[in-house]
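The block underneath contains the structure these notes are about, expressed in structure tokens.
Nothing in this text is a laboratory measurement; each read-out follows from the coordinates by a stated rule. Computed from a prediction, not measured in an experiment: that's the story for all the values here. When we count neighbours, we look across all protein chains shown, and the Cβ atoms used for this are built from the backbone with ideal geometry, even at glycine.
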Amino acid sequence: MRSSIILFLFLSAALLFGQSANDLFDKGNYSSAISAYQRTVDSNPAGYLNLAKSHIALKQFDEAIDALQNYKAKYSSADKTYADKMIALLERDDDFVKIENLGLNVNSAGSEVFPRISQDGNTLYFIASDRTGGVGASDSWYSTKDKNGKWGKGVNFGSPLNTSSNDGLLAISGDDNVAIFFGHYQGTFGGGDLFYTVRQGNGWSDPCNLGATINSDGWESMANLAPDGRTLFFTSSRSGGVGDEDIYVTSLTPNGWTKPANLGSTINTTKKEKYPFLSADGKTLYFSSDGHIGFGGQDLFYSKKLGDSWTSWSEPVNMGKHINTLENDQDLTIPASGVRGYVVKNNLSDGHGKTDIYSFVLPYEMRPEPVFQVYGTVQDDKGNPVAAVIRYQDLDTNEEIARATSNRSDGLYKIALPAHRRYAISIDMKGYLYYSDLLDLRNPDDLLEQQTINQLLSKEVQNIRKAQSRFNELNGELNLLLQKDSKEVSQAFAEYQKLSTQFRDNSRNLNTYVKRAKMEWLSSEDDQRELRKDYVLQPIKVGAKLELKNVYFDFGKASLRPESKNEINKLFDLMNRAGISVEIGGHTDNVGSDQTNLRLSQSRVDEVKKYLVQKGMAQGRVSAVGYGEKHPIATNDTDAGRQANRRVEMKITNIQQREGTDEVKEEIKYDMLALLRHAAIVGGLPEDSPCSNRVASSGKKTETRKTPVKQKTVQVSAPAKELELDDNIYGGWNIHLLNYGFKNADASLGVGIVTADDDLDEYHLEYYFDNPKGVSFMAGLGALYTVQFNDIFNINLNGLFGVDGKFYSVEVLKKDEGRIFVNIPLGFRYIHNFDDLILGYDAIYNINVLKSEEIPNSLSPSNFRVGANVRWKVLQGGLFLNSGDFVDYFGFRAGVAF
């Protein structure tokens, strides 16, 4: 009897703990892996590396550093360069980051990926698969924030952007008017391409291929539009790259898309770089990589653009131990404020599905450079909304930094502009006078309400003062100890140690108060960085006036400054395009004599006229009149008023009829949809593209188009979902009551423990405490392994195989005899998931392969079993019918799952 019990305990230990440390690590059982590695690293020091990673997974960073030091010191083939870089990452003093799940309005039991946050931080676009209400395998959705900062219920984009295939939104422009989709829409080169769509009123244009300049017969995805709305980053596996998947960039011009440029070996490695995101500052690039040194899987990195080239970048920086994990951390998106990041993570304890979207407050040093969110309306002189393109040009470099498009239905626009620049704002729309303005963001602090450190600490000041008082008390006690100079050495050391502990505890409290205040400061959405600028456009008609706001002269002189010529060039273009004749009027403030101001204003407008004529404008179409100080538009009693009065105006005096125009060039200047269409045609479109000879219609729901060319599988999702632990009839740990019985005998009642892993493999341990007469002891031990067939049959059907042993003791002639039999279970399980309710149906044949000699040959423990399982939240159970010569009973299981 004793030997039988020892055998049973040995087999139990072998099954539950006999998995190798590497197996436990691979399955994510990091606590158990740590124990297993600690038992084996002395004989196999290579295990120190995974021991370190196991500690990292559990956020035990000091222990991870120790393990890496041992890896370097004790393993002769250690990659010491890698270990040193990992140690440096772990020792880096990163701010703590709290990762928060966005909840069930955004996430679901399916998979949510590709978050794209609007510049104002109020709309989140994402792709979801296996989500209730979806159109196809993977769809585009969006959620909006309410006034309390809570995310609303996700809304499906609907057709034609969502189809029955895999497609989804990958990029959204800063003004929310242009989107880039991945899909298999009609007009595909064959690998799944990038398509564009433009907001049209309350809808979107039909998706059209971006053209052969960007799309290839390879795979293009993971796109991001830069803040200027014309620079596109994307990931491609095309030939000629640095690694398996590289990040590329291309720019939209009137002549089409430029040839995509590889970002170079600073960013791209021989492995995979994905999910590029250029922040609103136009220079901070975030991306995911498994080629740069990281914690595991895909890690998040950031890099800064150096100079004007898209291929010159600073060395990428890993975003650290509080953000990156051993799993894939990828697809970061950040609003213009730079405060909060949104990212995709999987296998976290608070997840709702296979992959969820999370958010976190971005550490200060990892944020992009500050920007201003500029917004407002564009209207005509009667208050009607105007769809207009607003351009923002750096006044010092003449570089166009960004452009926004106002909405046709309400005239609203929004744009994020980097600080520390002067912007020349221009609106040049067909049928309207050219409009210009100046926006000076060189000193952003002047535009913001500044807070002092004491204001930021206000909620914690009382606690900090208490800590200060406590330090004063402890310093007093320390002085007394120093003066005491006791001969009771042991007692004195005890008092010093007690005081040291009190100092440490108080320091820890002070650190908590300061960190709490800092976190509140970092997490504020910084609404102060918003500016409203409304614009009124004047229709082109005789008598209409326009102030040329970016025309500058040297003080007291008539000579044009170089930065003025760009503004006058735009006036020249307007005169040619609209066929107008103009009067250039000069105005001054009241500083100086009337005659002096009159002469100065006349000299200055003469210079403007001279410049226009030298460019080719007919003299008869330009007149110049200096008005001096006669027509002020503001008071001359303030600096601001006098500055407003010093101006140059243009007034239309005549409009000539014009014949002929380059319609394509005119169209693409005013219409983003036409510009994208033109670029796609220049690059080349597939033969079956519906967009080659027309501008796609807007906002209409159409039937899903079927692409006749060969498609490839998008990496976002797959039609058949691989089951995970949350989809299983068992949780990770399970405990239950159950029974087991032999033919023509009462059943035994016992307790069972089942552990299950991410592969749905199960490990069973059973002890029966209430047995029929003649049976003094009974226990069971088994393992059941799963093979998923859902990718073959597209249903949740699993194959089952394993080993199942039963040990029991029967009384024979007043002595206990131990008996054992071992079966091999082979069968199937079909799982049906109704959100929180999971049903599983089993059909298993248990084939006997081993039995004790005491069991008669005529009685085979082989048996057939059919049953139904159920799991609802933390409850789990089942009913089973077992039929055989020896094992024959109606069984049950009832318990809880964790």
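Data overview
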{"item": "Charge sum, other residues only, whose C-beta stays under 11 Å from Gln330's C-beta, Lys/Arg counted +1 and Asp/Glu -1", "result": "-3"}
{"item": "Within the stretch 15-91: Cβ-based charge dipole about Cα centre, in debye rounded to nearest 20 (Lys, Arg +1; Asp, Glu -1)", "result": "80"}
{"item": "Net length gained if the chain between Asn44 and Ser77 were fully extended (0.36 nm per residue, minus Cα distance)", "result": "10.7 nm"}
{"item": "Kirkwood hydrodynamic radius (C-alpha pairs) into Stokes-Einstein, the chain, 20 °C and 1.002 mPa s, D in µm²/s", "result": "65"}
{"item": "Qualifying GluC sites (Glu not before Pro) for the stretch 798-881 [loop in DSSP, other Cβ within 10 Å: at most 14]", "result": "Glu853, Glu854"}
{"item": "Reciprocal mean inverse distance between Cα atoms of the stretch 26-150 - Kirkwood radius, Å", "result": "18.0"}
{"item": "On Cα atoms only, tilt of 80-91 relative to the major axis of the chain in degrees", "result": "80"}
{"item": "Cα-based Rg / Dmax (Å) for the stretch 15-91", "result": "11.9, 39"}
{"item": "Label-to-label distance, nm, for residues given as Ile847 and Tyr364 (7 Å Cα→Cβ offset)", "result": "6.8"}
{"item": "Built amide H within the under 5 Å cut-off of Ala544, gap 5+", "result": "Ile652"}
{"item": "Whole-number D in µm²/s for the stretch 462-524 (Stokes-Einstein; Kirkwood sum over Cα pairs; 20 °C, 1.002 mPa s)", "result": "161"}
{"item": "Distance (nanometres) between label positions extended 7 Å along Cα→Cβ at Phe890 and Ile293", "result": "6.6"}
{"item": "nm² value of the averaged projected area, convex hull over the Cα atoms of the stretch 371-446", "result": "5.2"}
{"item": "Mean separation of Cα contacts under 8 Å (6+ apart) over length of the stretch 371-446, as relative contact order %", "result": "30"}
{"item": "Gain in span if fully extended, Thr501 to Glu315, counting 0.36 nm per residue against the direct Cα distance", "result": "62.7 nm"}
{"item": "Sites Val874 and Gln60 - FRET efficiency at Förster radius 35 Å, r taken between beta-carbons, to 0.05", "result": "0.80"}
{"item": "Mean projected area in nm² (Cα convex hull; one quarter of hull surface) for the stretch 732-897", "result": "9.6"}
{"item": "Column: log10 I(q)/I(0), Debye, Cα scatterers of the stretch 270-408, q = 0.13, 0.20 Å⁻¹", "result": "-0.69, -1.18"}
{"item": "Viscosity 0.692 mPa s, 37 °C: Kirkwood-radius Stokes-Einstein D of the stretch 414-506 over Cα pairs, µm²/s", "result": "168"}
{"item": "Point-to-point label distance, Val536-Lys484, nm (Cα→Cβ direction, 7 Å offset)", "result": "8.1"}
{"item": "Angle in degrees between helix 594-614 and the longest Cα principal axis of the chain, rounded to the nearest 10", "result": "70"}
{"item": "Expected-Rg normalisation [2.2 N^0.38 Å, Cα atoms] applied to the stretch 235-293", "result": "1.17"}
{"item": "Rounded to the nearest 20 debye, dipole of the chain from Cβ charges on Lys, Arg, Asp, Glu", "result": "1660"}
{"item": "DSSP-assigned coil residues among trypsin sites (Lys or Arg not before Pro) in the stretch 800-887, each with at most 15 further Cβ atoms within 10 Å", "result": "Lys814, Lys873"}
{"item": "Cα-centre dipole for the stretch 462-524 with unit charges at Cβ (Lys and Arg positive, Asp and Glu negative), debye to 20", "result": "340"}
{"item": "Computed E for Phe898/Val514 - FRET, C-beta separation, R0 45 angstrom, nearest 0.05", "result": "0.75"}
{"item": "Estimated [θ] at 222 nm from DSSP helical runs (n ≥ 4, -39500 (n - 2.57)) normalised by residues in the chain, nearest 500", "result": "-7000 deg cm²/dmol"}
{"item": "Rg and Dmax of the stretch 134-234, Cα atoms only, in Å", "result": "14.0, 46"}
{"item": "Cα-based helix-to-principal-axis angle, 2-17 vs the chain, degrees rounded to 10", "result": "10"}
{"item": "Sorted largest first, extent of the stretch 551-666 alpha carbons per principal axis (Å)", "result": "50, 24, 24"}
{"item": "Length released on extending from Phe789 to Phe555, taking residue separation times 0.36 nm less the Cα-Cα span", "result": "76.2 nm"}
{"item": "FRET efficiency, 1/(1 + (r/R0)^6) with R0 41 Å, evaluated for Ile855 and Ser20 via beta carbons", "result": "0.75"}
